[in-house]
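The values are calculated or read from the model by the stated rules, or taken from the named source; none is laboratory data. Here the structure is a predicted model, which means the values were calculated and not measured. In this analysis, Cβ positions are derived from the backbone assuming ideal geometry, glycine residues included, and neighbour counts consider all displayed protein chains.
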Amino acid sequence: MTQKDNAPSPEGRLATKVEETLKTPVKRRTFLKVLAGSAGAAAAATTTGSCDLDAFLQDHYTELTADDKKKVFARLEKQAEKDYGRPVHISDPPPIDGVSFAFAISLSRCNGNRKCVEACVKENNQSRDPAIQYIKVAELDAGTFNLEKGDIYYDGEVPKKDKVYLPMQCNQCENPPCVKACPTKATWKEKDGIVVIDYDWCIGCRYCIAACPYEARRFNFTKPTIPAEDVNPHQGYLSNRIRPKGVVEKCHFCLHRTRKGLFPACHEACPTGARKFGDLNDPNSEVSAVLREKRVFVLKEELNTVPRLFYYFG
């Protein structure tokens with residue numbers, strides 16, 4: 001038998017690594033993360049000739065210290081400039097105490113112009129090719145809300161006669177099924193109601209996509225394509241920083257803006273005033289006024305996800 005015959009198989013090398021990991025924990029990574037990440041790291045090493053161990057061994061966001069974050073952000077900023085040819089700045093605005101964000105959308109005012117979609121793509125550094133969009137607008141027959149018969153690929157002038165338009169995005173559920181489905185705890189709900197994702201801990205299993213009843217999550221099958229002149233340099237670690245290939249992303253209520261007192265990009269871009277955004281705990285916010293004065297409804301209420309995306313007429 002030759003030395004080559006005695007060489008361990010790829011499966012054997014992976015099993016050895018897992019066994020070593022169980023004996024010596026790697027920076028509090030979970031067993032599943034190590035198992036999936038080991039295969040991913042091996043694949044990355046064969047295709048690129050190197051493996052970014054700093055990124056691979058990075059702690060979960062909730063375990064990073066202030067100094068850790070500075071190092072991580074610096075690394076990501078450097079990588080983004082290298083990949084996309086534009087300097088960026090990554091911030092990390094924390095949730096505001098006592099705030100509970102929500103959206104309300106008037107279906108009487110929405111005319112299907114999709115300006116919200118365009119603004120969201122630009123603000124949040126979404127891939128242009130292949131296209132990733134957090135917001136979908138469904139064209140429905142007036143008097144019905146059968147989403148299965150809705151058309152999200154409509155074209156031509158809007159609004160069309162006898163049609164209504166229903167924008168859909170992440171509902172930032174109070175009881176989010178996507179969070180329960182994630183095996184690595186890469187996604188969770190923050191105290192201001194926003195469901196976020198630690199892209200460095202997402203292993204791309206897409207269980208959260210299957211669990212979301214609102215089809216609000218998107219998977220990056222390839223490295224995002226964004227022209228340098230279109231890159232938004234003002235980025236948040238848990239929001240609009242450019243995501244790597246192989247992770248899930250979604251709407252995050254533009255937390256890099258809203259946690260600084262600004263409106264989400266889609267809200268500012270809406271030419272008809274159909275979108276209302278604000279703090280549910282503030283009786284003077286525009287979204288609180290809608291809930292108080294209008295008859296609102298949510299999608300798939302029977303699932304008890306308790307959405308923070310409300311719809312109304314008027």
Quick check on TYR154: is it over 28 Å from GLY98 (Cα atoms) and in contact with a helix residue (DSSP H, G or I) (Cβ under 9 Å, 6 or more places away or on another chain)?
no
Of the numbered conditions (1) among the basic types (Lys, Arg); (2) modelled with pLDDT of 95 or more; (3) in contact with a Leu (Cβ under 8 Å, 6 or more places away or on another chain), LYS115 satisfies every one except a single condition; which is it?
(3)
For segment 224-240, does any single residue satisfy the condition of being of a type outside the set (A, V, I, L, M) and touching a Phe, Trp or Tyr at 6+ places or on another chain (Cβ under 7 Å)?
yes
If you scan segment 130-146, which residues turn out to be over 24 Å from ALA80 (Cβ atoms) and either aromatic (Phe, Trp, Tyr) or free of Cβ contacts under 8 Å to residues at least 24 places away in the same chain (or both)?
ASP141, ALA142, GLY143, THR144, PHE145, ASN146
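Just to confirm my filter: which helices (runs of 4 or more DSSP H) fall fully inside segment 232-314 and include at least 2 residues that are over 12 Å from ALA102 (Cβ atoms) and in contact with a helix residue (DSSP H, G or I) (Cβ under 8 Å, 6 or more places away or on another chain)?
Because the criterion is at least 2 residues that are over 12 Å from ALA102 (Cβ atoms) and in contact with a helix residue (DSSP H, G or I) (Cβ under 8 Å, 6 or more places away or on another chain), the helices (runs of 4 or more DSSP H) in segment 232-314 that meet it are 265-269.
With respect to THR184, is the statement that it is in contact with a Phe, Trp or Tyr (Cβ under 8 Å, 6 or more places away or on another chain), assigned to a loop (DSSP other than H, G, I, E, B) and of a type in the set (Ser, Thr, Tyr) true?
So THR184 passes the test.
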So, in segment 98-129, exactly how many residues are part of a loop (DSSP other than H, G, I, E, B) and either aliphatic (A, V, I, L, M) or in contact (Cβ under 8 Å) with a residue 60 or more places away in the chain (or both)?
14
